[in-house]
Amino acid sequence: MAIDRNFVPASGAPWRWAGKITGFLVYLFLILPVLVIFLSAFSPGSYPQFPPESLSLRWFQAFFENEAWLKALKISAWLLLIVTPLTTFLGTTAAYALARLEFRGRDVLQAFVLSPLIIPQVVLGIALLYILTGMGLAGSLIGLAIGHILVALPYAVRTVSVSLASMDRRLESASMNLGATPTYTFRHVTLPLIKPGIVAGAVFAAVTSFGEVSVSLFLTAPGTVTMPVRIFTYIDQTFDPVVNAVSAIFIVLAVLALVLIERTIGLTKAM
């Protein structure tokens, strides 16, 4: 008797439908807050409305005409330009050293590098405040950059470490056996193979730095207020849709960044 390989028992149909419904509810739960924030940014009134009665760019205009918002955006942009390349470089070199070098205390050093993921950021912010105040860097752009690098570094180390762990080390050995120097092998063999991990580390560093609030609250001064800190203090004082307009702009930028990553190396490789 022939057996139909495509036959699926009827008893499995309810489970498939349950899985589809559960997946749909999870996606809806994730996208609904973003949709509410994005659409309410176009509210014409003095308070956010969802759905808005009509569409207005009033609060986007208010954002670009407000010097305090633009200054906070400028500070966050400068931090992004400083923190992202430095964190990516430090994370890549640290991950390579932890993966390829054999030395005493390597596990302890790895735990120390990843410790910002475990230590509460409030405790980390207080510790940085004391240290940077003693160095005369509290409230400065350099002090903020140090704090953001410390918070973002574990993400870069982990993503690059995953790429190094999945890489075939025989390719490096073959390169050096053919006469290539370790430096040449690292530049022309290792780096291209771990590029997805490096790109993912850079993305995580940028996102972490741009959205950092807890540590930034302890390290900012009136002249170095970042965008997340500005949003945090603004919501505490008022509740107009300009915050929603700022969030909508960031949502569009995030989507563009994801599209760029997908077009260049692919999201599955980067994440």
Scan region 149-164 and tell me whether some residue there is more than 20 Å from VAL199 (Cβ to Cβ), touching a helix residue (DSSP H, G or I) at 6+ places or on another chain (Cβ under 9 Å) and modelled with pLDDT of 85 or more. yes
List the number of the failed condition for VAL26; all other conditions in (1) of a type outside the set (Gly, Ala, Ser); (2) without any contact (Cβ under 8 Å) to a residue 12 or more places away in the chain; (3) open to solvent by 90 Å² or more (accessible area, probe 1.4 Å) hold. (3)
Would it be correct to say that ARG58 is at pLDDT below 85 and farther than 26 Å from ARG187 by Cα? yes
Working only within region 46-60, note down all residues that are hydroxyl-bearing (Ser, Thr, Tyr) and open to solvent by less than 100 Å² (accessible area, probe 1.4 Å). SER46, SER54, SER56
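To keep it simple, each residue is scored yes or no on (1) under 18 Å from ILE82 (Cβ atoms); (2) surrounded by 21 or more Cβ atoms within 10 Å (Cβ to Cβ); (3) among the aliphatic types (A, V, I, L, M).
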position	(1), (2), (3)
SER140	yes, no, no
GLY143	yes, yes, no
ILE149	yes, yes, yes
ASN177	no, no, no
THR183	no, no, no
ARG187	no, no, no
PRO192	no, no, no
GLY197	no, yes, no
SER209	yes, yes, no
For region 92-116, which positions are surrounded by 12 or more Cβ atoms within 10 Å (Cβ to Cβ) and farther than 10 Å from VAL157 by Cα? ALA97, ALA99, ARG100, ARG106, LEU109, SER115, PRO116
How many residues, within region 119-138, are outside any helix (DSSP H, G or I) and under 14 Å from SER214 (Cα atoms)? 2
So if I check each of SER40, SER11, which one is surrounded by 15 or more Cβ atoms within 10 Å (Cβ to Cβ) and either modelled with pLDDT under 85 or of a type in the set (Asp, Glu) (or both)? SER40
From the option list VAL255, VAL243, VAL215, single residue qualifying as buried (at least 21 other Cβ atoms within 10 Å of the Cβ) and free of Cβ contacts under 8 Å to residues at least 40 places away in the same chain is VAL243
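Residue-wise test of (1) assigned to a loop (DSSP other than H, G, I, E, B); (2) at positive phi; (3) more than 20 Å from the chain's Cα centre (by Cα); (4) of a type in the set (A, V, I, L, M).
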| position | (1), (2), (3), (4) |
| --- | --- |
| LEU39 | no, no, yes, yes |
| TYR47 | yes, no, yes, no |
| TRP69 | no, no, yes, no |
| TRP78 | no, no, no, no |
| ILE82 | no, no, no, yes |
| LEU98 | no, no, yes, yes |
| LEU109 | no, no, yes, yes |
Looking at region 197-212, I want the residues that are under 11 Å from VAL151 (Cβ atoms) and without any contact (Cβ under 8 Å) to a residue 60 or more places away in the chain and have a partner that is open to solvent by 10 Å² or more (accessible area, probe 1.4 Å) and not polar (S, T, N, Q) with Cβ atoms under 7 Å, at least 6 apart or on another chain. Which pairs are those? PHE204/TYR155; GLY211/PRO228
Single unsatisfied condition, VAL225 versus (1) more than 25 Å from ALA68 (Cβ to Cβ); (2) out of contact with any Phe, Trp or Tyr (no Cβ under 6 Å at 6 or more places or on another chain); (3) not basic (Lys, Arg): (1)
If I filter region 225-232 for residues that are assigned to a loop (DSSP other than H, G, I, E, B), crowded, with 21+ Cβ neighbours inside 10 Å and among the hydroxyl-bearing types (Ser, Thr, Tyr), do I get at least one hit? yes
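The values are calculated or read from the model by the stated rules, or taken from the named source; none is laboratory data. If you're wondering where the values come from, they're calculated on a predicted model, not measured in any experiment. Backbone-built Cβ (ideal geometry, glycine too); neighbour counts: all protein chains shown. Only protein heavy atoms, including side chains, enter the accessible area calculation; ligands, DNA and RNA are left aside. Shrake-Rupley method; radii C 1.70, N 1.55, O 1.52, S 1.80 Å.
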